[in-house]
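Since every read-out is calculated from the coordinates, none of them should be taken as a lab result. Keep in mind the model is a prediction, meaning the values are calculated, not measured. Reconstructed Cβ throughout: ideal geometry from the backbone, glycine too, with neighbour counts over all protein chains shown.
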Amino acid sequence: MADTEKNVPVNTDEQNAKITAAAEMKQKKTHEPLFHIVKRTEIEWYKAWIVRAVAIVAALIVCAVVTMLLTHKDPIKVYATMLDGSFGTPRRIWILLQSLSMLLCVSLAVTPAFKMKFWNIGAEGQVLVGGLATAACMILFGGKLPNALLIFVMLAASLLAGAIWGLIPAVFKAKWNTNETLFTLMLNYVGIQLVSYFSMYWEAQKGSGQIGIINQKDRFGWLPNIVIGGQKYEYLLNILVVAALTVFMYIYLKYSKHGYEIAVVGESQNTARYIGINVKKVIIRTMLLSGAMCGIAGFLLVAGTNHTINTTTSDGRGFTAIMVSWLAKFNPLYMVLTSFLLVFLQRGANEISSVYGLDKSFSDILTGIILFFIIGCEFFINYQLKFRSAHKEEN
């Protein structure tokens, strides 16, 4: 009697699963990248500033190399020229502080909107419209109103003009969810053309072909100089106003109910609605504040600094302010440092071009290199590189 063989059933599903897992493991070992990027959960504040300091030092070294290669100048003397351009004389120091205060003012204005993740790219136009309102009051009411009342009317008009310019995109965003980046950007060009139109209109009225300094003879609408110890300080009032706005904005964003609502809406609009926050109201209110503060910047530039209006009055501050606010992580106190850094670089680079007879593009090259390192270091503050670990071969 022959032995009967018993066929043992084979679990093909289990075998296929093992083969697939082995193939996936092999593929993972083969194609795993050398490193991958991981977002940091938290980094100590002093470590973040150490990274920024290292970035600035590295940027200065690269700038020194570029300077030697392109100009054959001693980089130490070049950097000394940068310092002299900003701090060489008392007047240069005051001009530096004035430029810092104006950039800081615009940066403070865009910060509430940016913290809410409303990308207000229209600060340039909002500043110009505020300055235009100030100039119009100076031209129309100069000599007709007491100077103190005229300055108050100018301030109110600039606040209102800037607020309206900020309100327009806010309403469209709140009601119809339009793209605020494009909307505010396009309004910049509308503001520029308005300034251009009224500039030509006032030029034609004067018959001189240019506006020139408004009310230069009688100084109607000019902000007064502050006198301390018998010495006049031309830009001190502007600086004091912006210092007060910095403290206000820090308290407003950090400790007020409105600041809390801005932060929540910026994190998640759905969460904000869930806890009972009126998102549309917050958007409109915040952009009213942002536009009004840009209007203040326009008022200070026209009434306290330039005493005239043209299409370059804002001088690109509306776009530079975005960088200032972002680098400072929307903290008004840190913005003082970032504003100072950018203004110092700009003035120092211009001084280099002037002293050594170089083209202005060379100063832009140095400024661009330093800004590249400063912005790039934020990547290493927020992220870290995880390198591939060695795999042990399995038998």
Relative packing of 221-232, 334-345, 112-123, which averages over residues the other C-beta atoms within 10 Å, highest first: 112-123, 334-345, 221-232
In 10 Å bins starting at 0, how do the alpha-carbon pair distances of segment 190-256 split up by percent? 16, 24, 27, 25, 7, 0
Which values, in whole Å and largest first, are the semi-axes of the equivalent ellipsoid of the chain obtained as the square root of 5 times each eigenvalue of the Cα gyration tensor? 54, 30, 18
What's the extension gain from Asp84 to Leu34 if we count 0.36 nm per residue and subtract their Cα-Cα distance? 13.3 nm
If packing is taken as the average number of other Cβ atoms within 10 Å across a peptide's residues, how do 128-138, 278-288, 160-170, 244-254 rank, most packed first? 128-138, 160-170, 278-288, 244-254
Can you give the convex hull volume per residue for the Cα atoms of segment 112-185, as a whole number of Å³? 83 Å³
How long are the semi-axes of the equivalent ellipsoid of segment 234-371, defined as square roots of 5 times the Cα gyration tensor eigenvalues? Whole Å, largest first. 34, 19, 14
Packing-ranked peptide list from 63-76, 261-274, highest mean Cβ count within 10 angstrom first, is 261-274, 63-76
Rounded Å value of the spacing that divides the Cα centres of segment 258-280 and segment 116-164: 30 Å
Over 23 Å between Cα atoms, which of Lys173/Lys254; Lys115/Lys175; Lys329/Lys360; Lys254/Lys280; Lys47/Lys77 qualify? Lys173/Lys254; Lys329/Lys360; Lys47/Lys77
What is the spin-label model distance, in nm, from Met186 to Gln231 if the labels are put 7 Å beyond Cα along the C-beta direction? 5.2 nm
DSSP H segments from the chain that extend 24 Å or more along their own axis, Cα-based, with Kyte-Doolittle mean of -0.5 or above: 45-71, 90-115, 123-141, 147-176, 180-206, 236-255, 279-299, 332-355, 360-382
What's the magnitude of the charge dipole for the chain around its Cα centre, counting Lys and Arg as +1 and Asp and Glu as -1 at the beta-carbon? Answer in Debye, nearest 20. 900 debye
